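Shown next, in structure tokens, is the structure this report addresses.
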Amino acid sequence: MVATATRPHPTAKTYWLIAAFLAAVTAVEIAISYAEFLGPAKGVLLVTLGVVKFFTVVAVFMHLRYDVRGYRMLFLFGIVGTLIVFAAVLAAMQAF
């Protein structure tokens, strides 16, 4: 059985809106990188914004938002597995 899309794919307008959103988030990231008053929170904010941009690109440009649920689960399984391996390597190197 061939998997079919569960939602209609985005229009050109949607792609332009997502591009504007990503540009705005990037501008905020650049502003945060120059903000001296944030201290240690700067890293947390930058990582959080990076994760938001990552999932936006994956959802829209890789069409995972519009595909069947199984594809999303496979992708998330890979991401979680990667994070577990990454944490295990950091722990083995005593980086914590």
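A short reminder: the numbers here are calculations on the coordinates, not readings from a lab. Since the structure is predicted, the reported quantities are computational estimates derived from the model, not experimental observations. Every residue, glycine among them, receives a Cβ derived from its backbone with ideal geometry; neighbour counts consider all protein chains shown.
Values for this structure:
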item	result
Additional length obtainable on full extension of the chain from T11 to S33, 0.36 nm per residue less Cα span	4.6 nm
In nm, spacing of pseudo-spin labels at A24 and L46 (7 Å Cα→C-beta vector)	2.3 nm
Estimated [θ] at 222 nm from DSSP helical runs (n ≥ 4, -39500 (n - 2.57)) normalised by residues in the chain, nearest 500	-24500 deg cm²/dmol
Relative contact order of the chain, pairs being alpha-carbon contacts under 8 Å that are 6 or more residues apart, as %	35 percent
Rg to Rh, two decimals, where region 1-76 supplies the alpha carbon set and Rh follows Kirkwood	1.12
